[in-house]
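Values in this text are rule-based calculations from the coordinates and carry no lab data. Quick caveat: nothing in here was measured; it's all calculated off a predicted structure. Heads up, the Cβs are rebuilt from the backbone with ideal geometry, glycines too, and the neighbour counts pull from every protein chain shown.
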Ligand SMILES: NC(=O)c1ccc[n+]([C@@H]2O[C@H](COP(=O)([O-])OP(=O)(O)OC[C@H]3O[C@@H](n4cnc5c(N)ncnc54)[C@H](O)[C@@H]3O)[C@@H](O)[C@H]2O)c1
Ligand SMILES: O=c1ccn([C@@H]2O[C@H](COP(=O)(O)OP(=O)(O)O[C@H]3O[C@H](CO)[C@@H](O)[C@H](O)[C@H]3O)[C@@H](O)[C@H]2O)c(=O)[nH]1
């Protein structure tokens, strides 16, 4: 099939490269020329394991990037993967997505064949109608040839390629059998070769599944964090407790890693958007508000555990890990941000290290010192905070001897206890 994908960020680039890998002819469209040039040069605009290899294999063959919407009608399907960022009140800003939807509709004005526009971006169910209208109004008289479907994406950053190619489920939200059949054709090579289960529903329900999925997982982490905070009060290791409760398959062993909390581009944004949408509709989602509040408290608890041991004012503190999770350079809503802000408020000098995300964080905090490696960050520091669970932090050992005060607050359960180190786990 011929597939256009509009928006080549974290999702669009991965999905485009994976669809090319499944044998489709893919055109990736982005308004950012640097992104388009990078893809056409076979370079991934983002750090994502496996993506460079896929681009190297398919760019110049069945994957091309462009800034132009011309030729959209030559394809069978157009996927929208444009950003839907949070506004300060928690609602999503659908402006960029609506304008891409309208541009897609306009570019399809001359189509004389049926064409499916698929929303892969995450939008709240009440926004689906506006998106449908934007595409159809943009298309003018060609609106009868077009249909808008929802196909939310469940990939995680850091394992996005693997997740897309081996999904547990694929959700098709459509208004007709024709649209469902077209989505089945897009995913046919994948469904044939994996254990993926396909959910077929309407577009609004499909988007609600996406929100429920993310908010459930964020709640699960906040719950284990709350239990973990209680464990810490009792001198109990929350990881031992989590291992035991995870044996009950009604609970499940995954997403029970307590610590400094959840960040990223999705959990915070999607939780805030669902809360805002529920409130707008007249329902006060108290549990979800508590889920956010527990998450917001963890970075502060972490800094407090350090200040119980060290007065950080005027002293150097090492922050190990800046990305919102290992395996990505993405710092959106990283827990490192409130940690650094708090240290800053307390007058500490922050020396930060991350194997991938330092350049991104430098734009956010230009005055922080960025070390070349963890040893460099720890040297002379009066305390260290482990914010991201990069594998390399597990191997740290003699590096702690170089600290002025060897106090480590571990927010991700990665550092090994050892003699000579004052060690505080956040929930253990
Ligand atoms: N990041 C994830 O892991 C993830 C996973 C599942 C779902 N989502 C959802 O997918 C959507 C995209 O997220 P993302 O993280 O990839 O965003 P992103 O910001 O990384 O990428 C969006 C891209 O769209 C481009 N763009 C903006 N307006 C455009 C237009 N009119 N025409 C063409 N390109 C345009 C931008 O230049 C950018 O490259 C969001 O709704 C998000 O919630 C994200
Ligand atoms: O036991 C755990 C698991 C995760 N996290 C944190 O939770 C956040 C999110 O992690 P993860 O879900 O692995 O990464 P994302 O890339 O944000 O993926 C989520 O958000 C995506 C965007 O919507 C969805 O597609 C994915 O299914 C969903 O897992 C990170 O800060 C993690 O450190 C924990 O604190 N404890």
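Hey, how many Å between the Cα centroid of segment 130-188 and the Cα centroid of segment 367-428?
The two parts, judged by their Cα centres, are 44 Å apart.
Would segment 2-201 count as rounded, prolate or oblate if I go by the C-alpha gyration tensor, calling it rounded below 1.5 in a/c and otherwise prolate when a/b exceeds b/c, oblate otherwise?
rounded
Stretch residue 279-residue 247 to full length: gain in nm at 0.36 nm per residue minus the Cα-Cα span?
7.9 nm
Over what distance in Å are the Cα centres of segment 300-316 and segment 238-254 separated?
Here the answer is 31 Å between Cα centres.
What distance in nm lies between label points placed 7 Å from Cα along the C-beta direction at residue 112 and residue 159?
4.9 nm
As I understand it, the value is the acute angle between the Cα axis of helix 286-307 and the longest principal axis of the Cα atoms of the chain; what does it come to in degrees, rounded to 10?
40 degrees
Could you tell me the calculated FRET efficiency between residue 201 and residue 57, based on Cβ-Cβ distance and R0 = 30 angstrom, to the nearest 0.05?
0.35
Could I get the Rg over Rh figure for the chain? Both from C-alpha atoms, Rh via Kirkwood, rounded to two places.
Here Rg/Rh amounts to 1.01.
What full-extension length gain, to one decimal in nm, is calculated for residue 166 and residue 141 as 0.36 nm per residue of separation minus the Cα-Cα distance?
Here the segment from residue 166 to residue 141 would lengthen by 5.1 nm.
Considering the convex hull of the alpha carbon atoms of segment 105-214, report its projected area averaged over all viewing directions, in nm², one decimal.
Projected area, direction-averaged: 7.1 nm².
Decide, for segment 219-332, between rounded, prolate and oblate: order the square roots of the alpha carbon gyration tensor eigenvalues as a ≥ b ≥ c, take rounded if a/c falls under 1.5, and otherwise choose prolate if a/b is larger than b/c, else oblate.
oblate
Counting every Cα pair in segment 271-369, what percent are over 21 Å apart?
Result: 45 percent of Cα pairs exceed 21 Å.
Does anyone have the angle between helix 177-193 and the longest principal axis of the chain? Alpha-carbon axes, 0 to 90°, nearest 10?
It is inclined by approximately 50 degrees.
Rounded to the nearest 0.05, what FRET efficiency do residue 1 and residue 359 have when you use their Cβ-Cβ distance and R0 = 30 Å?
Result of the calculation: an efficiency of 0.20.
Could you work out the percent of alpha carbon pairs in segment 202-428 separated by over 33 Å, rounded to a whole number?
18 percent
Based on the Cβ-Cβ distance from residue 309 to residue 133, what FRET efficiency comes out when R0 is 56 Å, to the nearest 0.05?
Calculated transfer efficiency: 0.45.
Can you give me the angle between helix 95-107 and the longest principal axis of the chain, using Cα atoms only, in degrees from 0 to 90, rounded to the nearest 10?
20 degrees
Compute the length gained on full extension between residue 287 and residue 194: take 0.36 nm times their separation in residues and subtract their Cα-Cα distance, giving the result in nm to one decimal.
29.9 nm
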